[in-house]
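Contents: one structure, followed by commentary.
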Amino acid sequence: MAPTFVAAGTVAIATTGTATPAFPAGILTNDILLVIAESVGGSNYATPAGWAHAQSDSTAISPVVQGTNTQLTVFWQRYPGSGSAPGLTGPTDHKIARMIAIRGCPTVGNPWNISPFANSATSSTAASWPGGTTTQADTLVLEIIATGADPASDSTAGIGALTNGAYTSITERVDNWTASGGGGGIAVISGVKATAGALGSSTATLTVAATKAYMTLAMMNAPAATTRFDQIRRTRGHPSYRR
């Protein structure tokens, strides 16, 4: 069974102050929490205590930087059961961030199977995520994007429906942009990949043309619980066996 999307917290937007994306409702211990954040390209967020940049094995892949236009930062943690929402500091032009929660991932190690990323210096309304090949069935794939679009207002930018024939249950989870400072925003769309293999092509259309930073996280499902039978020894010298 693929991991499930729990909820998204409220979006946090700030300029020179601290942006504090709220915890999603209903989170439980060991849920995977992801903070999706955008800023001006090259303007880095400080890593909050208890959080880490998304990484592939031991190599950080966040932030994904597109020149000086935009960058996508993804912090994550395995929720310990208590704590405070992280305050994001660093960028001074604008900050926009939102936290999402995923349930049903492994309770140790990186919770994603693959994590391809890319950027595009072409300013257009066409969005196209990097492909990849999963090695596990039933992953919940998160297609994440940041752009530096400067909308006329906070509500005039956005993203349309995602298309990918390899996915089922395609659902928009996050779609937030801000006109603060130079402007920018984030979106997250999820889909279930039932079989291991190539993710195929994920595409969507933006409302406002922009350059882009992309990340794809194929969230792994936790191993099914198994029952282990203790070794049983037969009497009268019969060999041991397992059931």
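Some values worked out for this structure:
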| quantity | calculated |
| --- | --- |
| Footprinting exposure proxy for E38, E143, E172 (fewest neighbouring C-beta atoms within 10 Å first) | E172, E143, E38 |
| Phi-based couplings in Hz for the range 181-190 (Karplus 6.51, -1.76, 1.60; Gly and Pro marked x) | x, x, x, x, x, 9, 8, 9, 10, 10 |
| Once the Cα gyration tensor of the range 4-219 is diagonalised, semi-axes √(5λ) in Å | 24, 21, 15 |
| Given charges at beta-carbon only (K, R positive; D, E negative), |dipole| of the chain in Debye | 1420 |
| Leading residue at positive end of dipole, the chain (Cβ point charges), from W177, V40, P21 | P21 |
| Relative contact order %, the range 4-219, counting alpha carbon pairs below 8 Å whose residues are six or more apart | 27 |
| Sequence of L72, L162 once ranked by neighbouring C-beta atoms within 10 Å, starting from the fewest | L162, L72 |
| Highest-fluctuation residue, A210, A46, A126 considered, GNM on the chain with Cα pairs under 10 Å | A46 |
| Ranking of R78, R103 by count of other Cβ atoms within 10 Å, fewest first | R78, R103 |
| Between the range 190-226 and the range 108-181, the alpha-carbon center distance in angstrom | 8 |
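Bear in mind that the values in this text are calculations on the coordinates, not laboratory data. If you're wondering where the values come from, they're calculated on a predicted model, not measured in any experiment. When we count neighbours, we look across all protein chains shown, and the Cβ atoms used for this are built from the backbone with ideal geometry, even at glycine.
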